[in-house]
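Accompanying notes for the structure given below.
The values are calculated or read from the model by the stated rules, or taken from the named source; none is laboratory data. Since we're looking at a predicted model, the values are computed, not measured. Every residue, glycine as well, gets a Cβ built from its backbone with ideal geometry; the counts of neighbours run over all protein chains shown. Areas reflect the complete protein model, heavy atoms only, side chains present, ligands, DNA and RNA absent. Shrake-Rupley method; radii C 1.70, N 1.55, O 1.52, S 1.80 Å.
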Amino acid sequence: MTGQPDDLERAVEATLFAAEQPMTEQEISAHLEGAAVGPVLERLAETYAGRGIHLVERGGRWHFQTAADLAHLLRREKEEPRRLSRAATEALAIIAYHEPVSRAEIEAIRGVQTAKGTLDVLLEAGWIRIAGRREVPGRPTIYATSPEFLTHFGLSSRRDLPGIEELRAAGLLDPVEEAFAVLTGGDDADTGAIDPSGEDNSD
């Protein structure tokens, strides 16, 4: 893009810069009195593509993020990665590939019981959300992934989740994970997609 940005472009840029969390196009538009911001967002994304920060869209929400190759410059100290138990890793993978699912459906796929605390950990991390209740006897709670899940793992949508062949080619599947993939239906579910911790299956 050449020339000076127009007032709307500057307003969209400022709105996103000041936002405390990613915003949808509709939220940005409402904040700017109903202005059509779709084309502006696309222009801004192109403008920032080669800079130190990028404007990205994840799950329908827009936000600025540090360019991946510069992230190390902002780390003041070594960050410890979030470690999930094997049970939490499997539960998260099942939710990501099969959402929305109930706890009973997660247990049916895993073949073992899933402690309530396992799902609580994922809710606390902000990676899953309660998506309602299944309209069956007992009306069990059903779970789905959240926009924060997409943002954390750098996914534009769930369509970007890798398949089992991609994970195997990248060397991310061990024999235990391959067995789990077979149990859950091959390409449709796999724990290797979500940072396995290598812990056992106990809850």
Which listed residue is open to solvent by less than 60 Å² (accessible area, probe 1.4 Å) and among the charged types (D, E, K, R), from Arg103, Arg139, Arg110, Arg159:
Arg110
Select, from Ser156, Ser146, Ser197, the only residue that is under 24 Å from Glu57 (Cβ atoms), within 22 Å of the chain's Cα centre (by Cα), modelled with pLDDT under 85 and among the hydroxyl-bearing types (Ser, Thr, Tyr).
Ser156
Given (1) at pLDDT 90 or above; (2) on the phi > 0 side of the Ramachandran plot; (3) not hydroxyl-bearing (Ser, Thr, Tyr), Gly59 misses just (1)
Which one of these does Leu70 not meet: (1) at pLDDT below 80; (2) assigned to a loop (DSSP other than H, G, I, E, B); (3) aliphatic (A, V, I, L, M)?
(2)
Within region 85-94, is even one residue crowded, with 17+ Cβ neighbours inside 10 Å, modelled with pLDDT of 85 or more and among the basic types (Lys, Arg)?
no
I need the full set of residues from region 14-46 which are open to solvent by less than 50 Å² (accessible area, probe 1.4 Å) and outside any loop (DSSP other than H, G, I, E, B), in order please.
Thr15, Leu16, Met23, Thr24, Ile28, Ser29, Gly38, Val40, Leu41, Leu44, Ala45
Within region 108-154, the count of residues that are basic (Lys, Arg) and within 29 Å of Thr24 (Cβ to Cβ) comes to 3
